[in-house]
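Student: Sharing a structure, written as structure tokens. Questions coming.
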Amino acid sequence: MKTQFKKDKKHVLSLDVQRIQETPEETTMKKLIALIMALMLTLSLFACGGKKSDDSEKIYTATVSISCKVLLEEENYNSLPPEKQMMVPEDGIILAPVEVKFAEGDSAFDILQQVTRENKIHLEFSESPLYESAYIEGINNLYELDCGDLSGWMICINGEFPNYGSSNCFFEDGSTVEWMYTCDLGQDVGDTID
């Protein structure tokens with residue numbers, strides 16, 4: 001459109017609008033721009049969570065606890081360095097059983113990270129590329145080998161002690177997940193060596 005201002009006989013400005021013909025290239029360009037804008041709008045709907053509510057992930061729950069009760073036994077407690085003895089809670093419970101929500105595909109390690117972060121509990125681990133899993137080195141500043149050569153952290157899921165890393169431990173809705181400190185390769189917390 002072309003707009004021109006003119007003065008008429010009464011010295012008042014008037015508007016004279018003339019329509020200018022578009023070239024075929026300009027018409028094509030406008031259509032292309034409109035198509036691109038429509039495509040961007042559609043993509044932004046998907047990027048912003050344009051899923052239907054019935055497509056959402058199902059949420060599961062598990063009961064998680066962290067305990068070092070075995071360290072309350074006099075022999076075990078006395079074998080700890082003095083600076084570690086003060087890390088042992090009076091009742092041996094670092095985290096009382098708590099219900100945790102998780103999604104399908106979350107591992108025991110994922111959930112341990114979640115509960116320690118939410119409850120401000122110290123957690124230290126290392127990644128093992130060979131086994132594609134995380135190794136729990138310490139929880140609440142209590143580490144493997146703090147109470148002897150056979151001490152460290154173990155996981156018990158629904159009464160069973162898996163013999164693989166927590167990154168590879170998956171469980172069902174309603175499971176009980178217990179992290180326990182052991183001073184005897186698990187025999188003192190109910191694991192049996194096969």
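The values are calculated or read from the model by the stated rules, or taken from the named source; none is laboratory data. From a predicted model like this one, the values you see are computed outputs, not experimental measurements. For neighbour counting, all protein chains shown are included, and Cβ atoms are generated from backbone atoms with ideal geometry for every residue, glycine included. Side chains included, ligands, DNA and RNA excluded: accessible areas come from the protein's heavy atoms. Shrake-Rupley method; radii C 1.70, N 1.55, O 1.52, S 1.80 Å.
Student: State the number of residues belonging to region 141-183 that are more than 24 Å from Asp106 (Cβ to Cβ), touching a Leu at 6+ places or on another chain (Cβ under 8 Å) and surrounded by 15 or more Cβ atoms within 10 Å (Cβ to Cβ).
Tutor: Within region 141-183, residues that are more than 24 Å from Asp106 (Cβ to Cβ), touching a Leu at 6+ places or on another chain (Cβ under 8 Å) and surrounded by 15 or more Cβ atoms within 10 Å (Cβ to Cβ) number 6.
Student: For Phe170, only one of the following conditions fails: (1) over 24 Å from Thr192 (Cα atoms); (2) assigned to a loop (DSSP other than H, G, I, E, B); (3) among the aromatic types (Phe, Trp, Tyr). What is its number?
Tutor: (1)
For every residue, the table says whether it meets (1) in contact (Cβ under 8 Å) with a residue 24 or more places away in the chain; (2) of a type in the set (Lys, Arg); (3) over 14 Å from Asn168 (Cα atoms).
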residue: Phe102; (1), (2), (3): yes, no, yes
residue: Phe109; (1), (2), (3): yes, no, no
residue: Arg117; (1), (2), (3): no, yes, yes
residue: Ser126; (1), (2), (3): no, no, yes
residue: Pro129; (1), (2), (3): no, no, no
residue: Ile136; (1), (2), (3): yes, no, no
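Student: Identify all residues within region 174-194 that are within 30 Å of Lys58 (Cβ to Cβ) and among the hydroxyl-bearing types (Ser, Thr, Tyr); write none if there are none.
Tutor: Those that are within 30 Å of Lys58 (Cβ to Cβ) and among the hydroxyl-bearing types (Ser, Thr, Tyr): Ser175, Thr176.
Student: Looking at (1) farther than 25 Å from Met86 by Cβ; (2) hydrophobic (A, V, I, L, M, F, W, C); (3) assigned to a strand (DSSP E or B), find the lone condition where Ile136 falls short.
Tutor: For Ile136, the failing item is (1).
Student: A follow-up question, please. Considering only residues that are surrounded by 13 or more Cβ atoms within 10 Å (Cβ to Cβ) and in contact (Cβ under 8 Å) with a residue 12 or more places away in the chain, which ones fall in region 74-94?
Tutor: Listed by number, the residues that qualify are Asn76, Ser79, Leu80, Lys84, Met87, Val88, Pro89, Gly92, Ile93, Ile94.
Student: Since Glu99 meets every condition but one in (1) loosely packed, with under 14 Cβ neighbours inside 10 Å; (2) out of contact with any Ser or Thr (no Cβ under 8 Å at 6 or more places or on another chain); (3) outside any loop (DSSP other than H, G, I, E, B), which condition does it not meet?
Tutor: (2)
Student: Looking only at region 62-73, count every residue that is open to solvent by 40 Å² or more (accessible area, probe 1.4 Å) and either farther than 13 Å from Asp184 by Cβ or touching a Lys or Arg at 6+ places or on another chain (Cβ under 8 Å) (or both) and tell me the total.
Tutor: 3
Student: Among the residues of region 115-131, is there at least one that is open to solvent by less than 30 Å² (accessible area, probe 1.4 Å) and part of a strand (DSSP E or B)?
Tutor: Taking every residue of region 115-131 in turn, none turns out to be open to solvent by less than 30 Å² (accessible area, probe 1.4 Å) and part of a strand (DSSP E or B).
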